[in-house]
Amino acid sequence: MSYMLTTVDNPYSPLTQFDDWLAFDTHAGYHSLALLGRIGFFSDDLSDPDQELAIEQAIDEIVKENVSGMHKKIKID
């Protein structure tokens, strides 16, 4: 099971409508991918499961702190 970061007001799915999702996110000034990149620890040396865990942990931290009040975690199957 994997997770993605999005915002409560973004009408697009980051999974199936990524370009529209990213355009909305960027235009709104959230820059969620950049935020995820700053918070998370990512490395090509990590295995795929460890990489997914690192992403989930970064998303959890962003949602916990939720400085803007806009971010949320969504589950993808």
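Taking segment 36-68 as the range and being without any contact (Cβ under 8 Å) to a residue 12 or more places away in the chain, outside any helix (DSSP H, G or I) and either closer than 24 Å to Asn10 by Cα or touching a helix residue (DSSP H, G or I) at 6+ places or on another chain (Cβ under 7 Å) (or both) as the test, the residues that pass are Leu46, Asn66, Val67. Considering only residues of segment 1-35 that are assigned to a strand (DSSP E or B) and not polar (S, T, N, Q), which is surrounded by the most Cβ atoms within 10 Å (Cβ to Cβ)? The qualifying residue surrounded by the most Cβ atoms within 10 Å (Cβ to Cβ) is Leu5. Filter segment 36-52 down to the residues that are exposed (fewer than 14 other Cβ atoms within 10 Å of the Cβ) and polar (S, T, N, Q), then identify the one that is farthest from Val63 (Cα to Cα). My answer is Ser47.
Screening segment 55-68 for residues that are of a type in the set (A, V, I, L, M) and surrounded by fewer than 16 Cβ atoms within 10 Å (Cβ to Cβ) and picking the one that is farthest from Ser2 (Cα to Cα) gives Val67.
Here, each number is a calculation from the coordinates, and none is a lab measurement. Just so it is clear, the structure is predicted and the values come from calculations on it, not from any experiment. Glycine gets a Cβ as well: all are built from the backbone with ideal geometry, and neighbour counts include every protein chain shown.
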